[in-house]
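The values are calculated or read from the model by the stated rules, or taken from the named source; none is laboratory data. In this text the structure is predicted, and so the values were computed from the model without any measurement. Please note: Cβ atoms are built from the backbone with ideal geometry, for glycine as well, and neighbour counts cover all protein chains shown. Just the protein is used for accessible areas: all its heavy atoms, side chains included, with ligands, DNA and RNA removed. Shrake-Rupley method; radii C 1.70, N 1.55, O 1.52, S 1.80 Å.
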Amino acid sequence: MSCAADTHCITCSDEGVPMRVLDVQPDGLARCEAEGAESDVMIDLVGPLAIGDNVLVHAGVALARLA
Amino acid sequence: MKYVDEYRDAELGRVLAGEIVATVEPGREYKIMEVCGGHTHTIYKYGVDDLLPANVELVHGPGCPVCVIPMGRVDDAIAVAHIPGVIFTCFGDMMRVPGGSGTLLDAKARGADVRMVYSPLDALRIARENPDREVVFFAVGFETTAPSTALTLKRAKAEGTRNFSCFSNHVTIVPPLRALLESPDLRLDGFIGPGHVSTVVGARPFEFIPADYGKPVVISGFEPLDLLQSVYMVLRQLVEGRCEVENQYARVVPADGNPAALRVLEEVFELRPHFEWRGLGFISHSGLKLSEAYAELDAELRFEIPGVRVADPKACQCGEVLKGVIKPWECKVFGTACTPERPIGTCMVSSEGACAAYYNYGRFAREREVV
């Protein structure tokens, strides 16, 4: 998740990254992982999540649950 | 990786390309605009356009939020960054966007405390860790990014983090599309709609394009097969004389978008009367400012913002590129005075800007062979 020219950048434009939920925390955040990189993601917009769920993440927020 | 690898299958790509060749009518020219910078990036990274017949042209739209930021707003950001005690936070690309007086990276070199973050939540965390400093987040982006800013502002308000504020430059996608469609020098046959904006707003906001302007729209995902299939779907509509909004990205985009995201946007933001877009000028009701309920977190109210309007450099043709009137390599400074290392125009900054995509993938001129 860098802004290098050969990768998509989660911080710009209409881009999102599919991430897997590793842990759901009580404060509306979930620890998520994509290609070895982990980050805390706000999950307010996608309803309850379980470990192993896949979500589409943009700029630190899960915008959609991936079926 | 699941949801990615299956959409990069080369053999399926060739099959789709064959379907496209079989669909187009010889002697007819097709111009299709991909609205979103993420699509532009995918097209050049994977050479999607090389698989298309010569009479199908992809035109790059205004959907890169870095590219549409006017120079004056960058200068305003730099002015805030230089206020003593301020920690100025922004996405990585925004640090390299030139204003009239340099970039945020230059401001950092001159002593301003400018920090790159991956999300607004990171900026809020910095505010919590530095209670004696003012932390400002430079918010840019379309409806895809705005919910992240909105949720962060909700958190800041709920927890009473008073040293955090937001310099909002969020924009909405429909007004510039309408402005483009009204532009007399533009000839387009159809649109590839922005997938992740649609995750938030849904497919319905684009229905005015077929209804009012008679052009097909296909909302698309971001992998190469998504793009090829979307081009195919636009062409099918054109050949069959249909004109509607179709959703190629149904695995992510529901017709009504994400209602929770729309609610939080409604709560935290309100439309500005007008907002300036690089190369496109002022567009009514196209920018978002913080709502009355969140005014206490609005950097534009907390700090003195110069608000100076800066004209784009004469040599730079970002405006024509953003409207799809010229290709990046047709700009006089492309690849010479303007490069990703030393950009003059915003389109050369972001990896999703049309100029950077052309430059990084070696598209210095377009001499395409007929497939």
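Each residue in the range B:201-254 was checked for being in contact with a Pro (Cβ under 8 Å, 6 or more places away or on another chain), surrounded by fewer than 19 Cβ atoms within 10 Å (Cβ to Cβ) and assigned to a helix (DSSP H, G or I), and 0 of them qualify. In summary, residue B:184 fulfils each of the numbered conditions (1) within 27 Å of residue B:327 (Cβ to Cβ); (2) not in a loop (DSSP other than H, G, I, E, B) with the single exception of condition (2). Figure legend. Inter-residue proximity from the range B:347-371: first residues of a type in the set (S, T, N, Q) and surrounded by fewer than 24 Cβ atoms within 10 Å (Cβ to Cβ), second residues at pLDDT below 75 and not in a helix (DSSP H, G or I), beta-carbon distance below 8 Å, spacing 6+ or different chains. Indicated pairs: B:360/A:5; B:360/A:6; B:360/B:351. For the range B:316-346, which residues satisfy the criterion of being of a type in the set (Val, Ile, Thr), surrounded by fewer than 24 Cβ atoms within 10 Å (Cβ to Cβ) and over 21 Å from residue B:101 (Cβ atoms)? Residues satisfying the conditions are B:325, B:326, B:336.
Counting only residues that are crowded, with 18+ Cβ neighbours inside 10 Å and among the polar types (S, T, N, Q), which one in the range B:73-121 is nearest to residue B:312 (Cα to Cα)? Per the stated criteria, the residue is B:103. Please indicate, with yes or no, whether at least one residue in the range B:162-178 is of a type in the set (A, V, I, L, M, F, W, C), within 12 Å of chain A (Cβ to nearest Cβ) and surrounded by fewer than 20 Cβ atoms within 10 Å (Cβ to Cβ). The answer is no, given that none of the residues of the range B:162-178 is of a type in the set (A, V, I, L, M, F, W, C), within 12 Å of chain A (Cβ to nearest Cβ) and surrounded by fewer than 20 Cβ atoms within 10 Å (Cβ to Cβ). Residues of the range B:32-63 that are of a type in the set (Gly, Ala, Ser), within 14 Å of chain A (Cβ to nearest Cβ) and not in a strand (DSSP E or B): B:37, B:38, B:47. The strands (runs of 3 or more DSSP E) falling completely within the range B:106-181 that include 2 or more residues that are in contact with a Ser or Thr (Cβ under 6 Å, 6 or more places away or on another chain) map to B:134-141. Quick one: in the range B:50-69, which of the residues that are of a type outside the set (A, V, I, L, M, F, W, C) and at pLDDT 90 or above is most open to solvent (accessible area, probe 1.4 Å)? So the residue we want is B:50.
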